[in-house]
Amino acid sequence: MAAYAICVRDGQILLARSPAQDGTPEWVVPGGGMEHGEDPYDTVRREVEEETGYTIEVTGLLGVDSSRRTLRDRFGRAVDHHAVRFVYEGRVTGGELSHEVNGSTDLAAWQDLGAVSGLARVPMVDTALRMWRERPVTGRLAGAPE
């Protein structure tokens, strides 16, 4: 389980950069895994601050993204992976843009919304942006697997 924040201001979205498994840098939505016993609301605020230096006010829950797929572990064995991701909207309220040190990301930056489609990015960026744009009443995007 994980929690992510879409922070948009002045036509730009706050993203963080993380290396893919092959080392190629790709952009991600700030956020990440919940610690045992942690509330997703607290997770998203902690993760955004760790990855970007900003403190945020959570202004809404945009939805929940759930996906299930088969991955391979380091020994090549199939592993049933189920990801549940809370997607919040956030507003920067303090802090200063900075980069995470010794973490899962190495750079944070504001990117023009119109340029996101041209960035090397994880699919979660598109999912979260779609939730932000569509604001599904059910918290689930149309076309999501049943």
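Just so it is clear, none of the values below were taken in a lab; they were calculated from the coordinates. On a predicted model such as this, the values are computed, not experimentally measured, just so you know. Note that we place each Cβ from the backbone using ideal geometry, even for glycine, and neighbour counts take in every protein chain shown.
A straight line joining the Cα centroids of region 105-128 and region 22-91 runs 14 Å.
As an exercise, identify the chymotrypsin sites (Phe, Trp or Tyr not before Pro) in region 43-146 lying in DSSP coil whose Cβ has no more than 15 other Cβ atoms within 10 Å.
On the way: sites: Tyr54, Phe75, Phe86, Tyr88, Trp110, Trp132; in loops: Phe75.
Filter output for region 43-146: Phe75.
Evaluated at q = 0.27, 0.31 Å⁻¹, the base-10 log of the normalised Debye intensity for region 98-146, with identical point scatterers placed on the Cα atoms, takes the values -1.08, -1.20. Mean projected area of the convex hull spanned by the Cα atoms of the chain, taken over all viewing directions: 9.6 nm². In region 1-30, whose amide N lies under 11 Å from the spot 7 Å out along Cα-to-Cβ of Glu57? List them in ranges. What the label zone holds, given the 11 Å backbone N cut-off, is no residue at all.
Build a GNM of the chain with springs between Cα atoms under 10 Å: which of Ala108, Ala128, Ala78 gets the top mean-square fluctuation? Of the options given, Ala78 has the highest mean-square fluctuation.
As an exercise, identify the GluC sites (Glu not before Pro) in region 32-111 lying in DSSP coil whose Cβ has no more than 16 other Cβ atoms within 10 Å.
On the way: sites: Glu35, Glu38, Glu47, Glu49, Glu50, Glu51, Glu57, Glu89, Glu96, Glu100; in loops: Glu35, Glu38, Glu96, Glu100.
Within region 32-111, the qualifying GluC sites (Glu not before Pro) (loop, at most 16 other Cβ atoms within 10 Å) are Glu35, Glu38, Glu96.
Restricting the trypsin sites (Lys or Arg not before Pro) of region 1-96 to loop positions (DSSP other than H, G, I, E, B) with no more than 11 neighbouring Cβ atoms within 10 Å leaves Arg74, Arg77. Adding -39500 (n - 2.57) for every DSSP H run of four residues or longer, then dividing by how many residues the chain holds, sets the calculated 222 nm ellipticity at -5500 deg cm²/dmol.
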